[in-house]
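**Q** Have a look at the structure that comes next, please.
The values are calculated or read from the model by the stated rules, or taken from the named source; none is laboratory data. No experiment lies behind these values; they were computed from the predicted model shown. All Cβ positions, even for glycine, are placed from backbone atoms using ideal geometry, and neighbour counts span all protein chains on display. Side chains included, ligands, DNA and RNA excluded: accessible areas come from the protein's heavy atoms. Shrake-Rupley method; radii C 1.70, N 1.55, O 1.52, S 1.80 Å.
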Amino acid sequence: NCKIYNKLVRDNIPEIIEKNGEAPVIKSLSDLDYKRELYNKLEEECAEVKRSKNKTELTEEIADVFEVIDSIINLEGLSIEEIKAKQKNKKMSRGGFSKRIFLEKTLK
């Protein structure tokens, strides 16, 4: 019996699979493939955030998104401090989302 995954998984998943009596078939990704799969994983985890049914699931899925974001930050050689500063500047100049404004259209 075989289940196909073809996706990036957390580092300890192969050992967990082995402990469950299965044999994982894995490979190490090249830099280019790793980058592509991290961005795919980000989309996957964001979709799971959207599908969350309660606070427990939502917390779990947001934690997964944060882990993927951290990996992208490390891969791309970015600075969390710089990102947070950009976030703060953007919030100051353009605002956040707390006012729940939904732009329908603009008129001339």
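**Q** Cross-link list Lys50/Lys99; Lys19/Lys55; Lys41/Lys105; Lys3/Lys41; Lys86/Lys108; Lys50/Lys84: which exceed 22 angstrom alpha carbon to alpha carbon?
**A** Lys19/Lys55; Lys41/Lys105; Lys86/Lys108; Lys50/Lys84
**Q** Taking only protein heavy atoms into account and a 1.4 Å probe, give the accessible area per residue of region 11-108 in Å².
**A** Per residue, region 11-108 has an accessible area of 93 Å².
**Q** When only Cα pairs under 8 Å and 6 or more residues apart are kept, what is the percent relative contact order across the chain?
**A** So the answer I get is 18 percent.
**Q** While we're here: For region 29-88, just the Cα set please: Rg and Dmax, both in angstrom.
**A** 13.0, 37
**Q** With a cap of 13 neighbouring Cβ atoms within 10 Å, and only residues DSSP puts in a loop, list the chymotrypsin sites (Phe, Trp or Tyr not before Pro) found in region 18-104.
**A** Within region 18-104, the qualifying chymotrypsin sites (Phe, Trp or Tyr not before Pro) (loop, at most 13 other Cβ atoms within 10 Å) are Phe97, Phe102.
**Q** With a 1.4 Å probe and all protein chains left in place, how much of the accessible area of the chain comes from carbon and sulfur atoms, in whole percent?
**A** 53 percent
**Q** Springs between alpha-carbon pairs under 10 angstrom, Gaussian network model over the chain: which of Val25, Val68, Val49 fluctuates most?
**A** Val25
**Q** Please name which of Gly77, Asn1, Asn89 has its Cα lying farthest along the dipole of the chain towards the positive end, using unit charges on Cβ (Lys, Arg +1; Asp, Glu -1) and the Cα centre as origin.
**A** Most positive-ward Cα: Asn89.
**Q** In whole Hz and in residue order, list the ³J(HN,Hα) couplings for region 88-97 that follow from phi through the Karplus curve 6.51 cos²θ - 1.76 cosθ + 1.60, θ = phi - 60°; x for Gly and Pro.
**A** Once rounded to whole Hz, the list reads 5, 4, 5, 5, 5, 7, 10, x, x, 10.
**Q** Next up: Beyond 22 Å, how much of the Cα-Cα pair distribution for the chain remains, as a whole percent?
**A** That tail contains 55 percent of the Cα-Cα pairs.
**Q** Here's another thing I want to ask about it. Taking 0.36 nm per residue of separation and subtracting the Cα-Cα distance, what length does fully extending Glu43 through Asn89 add?
**A** Full extension from Glu43 to Asn89 adds 14.0 nm.
**Q** For region 1-62, build the convex hull from the C-alpha positions and give me its volume per residue in Å³.
**A** Given the Cα convex hull of region 1-62, per-residue volume reads 117 Å³.
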